[in-house]
Amino acid sequence: MAHTFYSYLAFIAPNSNASLSLLKNNLETFYQKETIENKPEIVLDDNQIDIVFDDDYRLHIALSEEEYVNEEALELADQYELDWNENVFDKAKLTTSHKRFEIWGDDDFDMDYFNDSLFVIEEIENFSDVIIFAIQ
């Protein structure tokens, strides 16, 4: 995953309630608030959510269940002590992960969508047994 803006990996443990369909519903609920002016279209297609804003800016969330997901989870458990938010994470739980959300955004040099990227991460954090890393 070589994306430069808002790149995160959210590893999903086997007992997690995380799903793309539930995440899509949660995102739609958030963006329906009256205080939000730029209401994006949220599209779930196959194993990916695309959040498309009026100016065609996109945030992406893809579900990956490839064999390398667990291999990378094992490597991260060995290499890191803290998650994306500088919190200690459960290494044993991470090593059981065989699927993850891969999150990234289009180029956003003015950081117009920084808050939206954080909202996506906060929604993913609301699921049980998910461990998130920022990828740079």
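Select from LEU63, SER7, LEU94 the residue farthest towards the positive end of the dipole of region 5-134; place +1 on Cβ of Lys and Arg, -1 on Cβ of Asp and Glu, and compute about the Cα centre. Working it through, the farthest residue towards the positive pole turns out to be LEU94.
Report, to the nearest 10°, how far helix 67-79 tilts away from the longest principal axis of the Cα atoms in the chain, using its own Cα long axis and a range of 0 to 90°. Once rounded, one gets 70 degrees. For region 8-31 versus region 58-136, the inter-centroid distance based on Cα atoms is 11 Å. In straight-distance terms, cross-link reach from LYS39 covers every one of the lysines whose alpha-carbon lies under 23 Å from its own, apart from those fewer than eight places away in the same chain; here that gives LYS24. Projecting the Cα atoms of ASN17, TYR31, TRP104 onto the charge dipole of the chain, computed from C-beta unit charges around the Cα centre, puts ASN17 farthest toward the positive end. Treating only the Cα positions of region 5-134 as identical point scatterers, give the base-10 log of I(q)/I(0) from the Debye formula at each q in 0.15 Å⁻¹. Cα-only, vacuum Debye calculation for region 5-134: -0.70. The fewest-to-most ranking of VAL120, VAL69 by surrounding Cβ atoms within 10 Å reads VAL69, VAL120.
Only the coordinates and a few stated rules stand behind these numbers; no lab work does. Just so we're clear, the structure is a prediction, and the values are computed from it rather than from any experiment. Please note: Cβ atoms are built from the backbone with ideal geometry, for glycine as well, and neighbour counts cover all protein chains shown.
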